[in-house]
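Report on the structure given below.
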Amino acid sequence: MTTSAITAEGLRKRYGDVLAVDGVSLQVETGEFYGILGPNGAGKTTTMEIVEGLREPDEGSALLLGEPSWPRNTDLLRRIGVQLQASAFFEKLTAREQIRSFASFYGVSDARADAMLDSVGLTDKAHVQDDRLSGGQAQRLSIACALVHDPELVFLDEPTTGLDPQARRNLWDLLRGINEEGRTVVLTTHYMDEAETLCDRVAVMDRGKVLRVGPPRELIEELGVDSLEDVFLSLTGREYRE
Ligand SMILES: Nc1ncnc2c1ncn2[C@@H]1O[C@H](COP(=O)(O)OP(=O)(O)OP(=O)(O)O)[C@@H](O)[C@H]1O
């Protein structure tokens with residue numbers, strides 16, 4: 001029997017008056033490309049952080065690679081990759097110094113760090129300081145840093161936000177490649193075309209709850225609409241969010 005990459009049951013998390021996550025259960029299979037979609041404030045990031053073992057749920061529990069994700073388990077953290085925002089880079093380091101620093105945390109060699117930099121097409125930017133990288137280059141560097149220790153499962157929180165179409169398409173190829181190497185990928189995005197193209201299955205969340213889970217094509221057919229964007233709008237409504 002293969003173990004699911006993620007099994008979450010009845011997750012709940014409250015911040016003061018806000019019930020950010022309200023009874024979320026989900027299952028992600030090994031090798032899946034899984035998307036978590038939802039309007040601003042839907043609870044996507046909080047759900048991911050609980051599953052990653054970075055935040056304690058008020059209720060419920062999650063298994064990550066077959067192990068409880070809370071209490072925080074450092075052995076388990078070594079087996080996952082979490083893409084940090086570019087703002088989490090060390091200040092004033094070059095691209096090569098950034099990734100070598102991340103690699104050293106995990107006892108990974110400089111050679112592997114350099115190879116990873118190359119695999120995201122940044123070898124010619126190795127000597128460029130982080131604040132001089134373009135948005136797309138910085139995103140690729142942050143993904144390379146999340147992958148440097150060869151994790152089995154990768155979490156990406158809005159990896160293509162703010163990128164131009166060329167950079168976005170290039171990143172899609174990179175993300176597809178990561179998944180084709182056999183890694184499970186979980187991503188959040190506000191771009192429905194991105195989710196439709198990349199994800200095997202998506203979970204649509206709103207107001208802390210999972211509203212629907214399925215392959216994009218099946219959800220489109222089930223709701224009798226033309227696109228995943230239509231699915232999203234018909235499930236979550238059209239009013240403005242925070
Ligand atoms: N540390 C925190 N303290 C207080 N409230 C928080 C905290 N983190 C998130 N929230 C609130 O919890 C709710 C869910 O936030 P969360 O960031 O999980 O949603 P999200 O779906 O990732 O949103 P976005 O798409 O805007 O990133 C929001 O109302 C948010 O304001």
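The values are calculated or read from the model by the stated rules, or taken from the named source; none is laboratory data. Remember, it's a predicted structure, so these values are computed and weren't measured experimentally. Virtual Cβ from ideal backbone geometry, glycine too; neighbours counted across all protein chains shown. SASA here: full protein model, heavy atoms, side chains in, ligands and nucleic acids out. Shrake-Rupley method; radii C 1.70, N 1.55, O 1.52, S 1.80 Å.
Do you know which of the residues in region 1-10 that are touching a strand residue (DSSP E or B) at 6+ places or on another chain (Cβ under 6 Å) and under 17 Å from Ile80 (Cβ atoms) is farthest from the ligand (Cβ to nearest atom)? Within region 1-10, the match that is farthest from the ligand (Cβ to nearest atom) is Ser4. Conditions first: (1) assigned by TED's automatic domain parsing to the domain that holds Pro159; (2) among the basic types (Lys, Arg); (3) under 23 Å from Leu174 (Cα atoms); (4) surrounded by fewer than 20 Cβ atoms within 10 Å (Cβ to Cβ). Lys44 passes all but one, so which condition is the exception? Here Lys44 clears every test but (4).
Somewhere in region 77-86, is a residue in a loop (DSSP other than H, G, I, E, B), over 18 Å from Arg183 (Cβ atoms) and under 22 Å from the mean Cα position of the chain (by Cα)? Yes: region 77-86 contains one or more residues that are in a loop (DSSP other than H, G, I, E, B), over 18 Å from Arg183 (Cβ atoms) and under 22 Å from the mean Cα position of the chain (by Cα). Of the residues that make up region 2-10, is at least one closer than 15 Å to Leu187 by Cα, at pLDDT 95 or above and crowded, with 17+ Cβ neighbours inside 10 Å? There is at least one residue in region 2-10 that is closer than 15 Å to Leu187 by Cα, at pLDDT 95 or above and crowded, with 17+ Cβ neighbours inside 10 Å. Report yes if Ala167 is hydrophobic (A, V, I, L, M, F, W, C) and either within 16 Å of the ligand (Cβ to nearest atom) or without any contact (Cβ under 8 Å) to a residue 12 or more places away in the chain (or both), otherwise no. Judged against the criteria, Ala167 is not a match. Residues in region 1-33 that are touching an Asp or Glu at 6+ places or on another chain (Cβ under 7 Å) and either acidic (Asp, Glu) or closer than 19 Å to Leu153 by Cα (or both): Ser4, Ala5, Ser25, Glu32, Phe33.
I need the full set of residues from region 116-141 which are modelled with pLDDT of 95 or more and among the aliphatic types (A, V, I, L, M), in order please. Result: Ala126, Val128. Considering region 119-147 alone, what residues qualify as being open to solvent by 50 Å² or more (accessible area, probe 1.4 Å) and either of a type outside the set (S, T, N, Q) or in a helix (DSSP H, G or I) (or both)? The answer is Ser119, Thr123, Asp124, Lys125, His127, Asp131, Arg132, Arg140.
Residues checked against (1) polar (S, T, N, Q); (2) within 11 Å of the ligand (Cβ to nearest atom):
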{"site": "Gly16", "(1), (2)": "no, yes"}
{"site": "Gly23", "(1), (2)": "no, no"}
{"site": "Leu37", "(1), (2)": "no, yes"}
{"site": "Ala42", "(1), (2)": "no, yes"}
{"site": "Thr46", "(1), (2)": "yes, yes"}
{"site": "Glu52", "(1), (2)": "no, no"}
{"site": "Glu56", "(1), (2)": "no, no"}
{"site": "Glu59", "(1), (2)": "no, no"}
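Close Cβ contacts (under 8 Å, 6 or more residues apart or on different chains) running from residues in region 122-137 that are outside the structural domain of Leu163 (by TED's automatic domain parsing) to residues that are surrounded by 16 or more Cβ atoms within 10 Å (Cβ to Cβ) and hydroxyl-bearing (Ser, Thr, Tyr) comprise Ala126/Thr94; His127/Thr94; Val128/Thr94; Gln129/Thr94; Asp130/Thr94. Among residues belonging to region 47-76 that are of a type in the set (Asp, Glu) and open to solvent by less than 80 Å² (accessible area, probe 1.4 Å), point out the one that is farthest from Arg183 (Cα to Cα). Applying the filter and picking the extreme gives Glu49. Pull up region 187-235, narrow it to residues that are assigned to a helix (DSSP H, G or I), within 16 Å of the ligand (Cβ to nearest atom) and under 21 Å from the mean Cα position of the chain (by Cα), then point me to the one that is surrounded by the fewest Cβ atoms within 10 Å (Cβ to Cβ). Per the stated criteria, the residue is Glu229.
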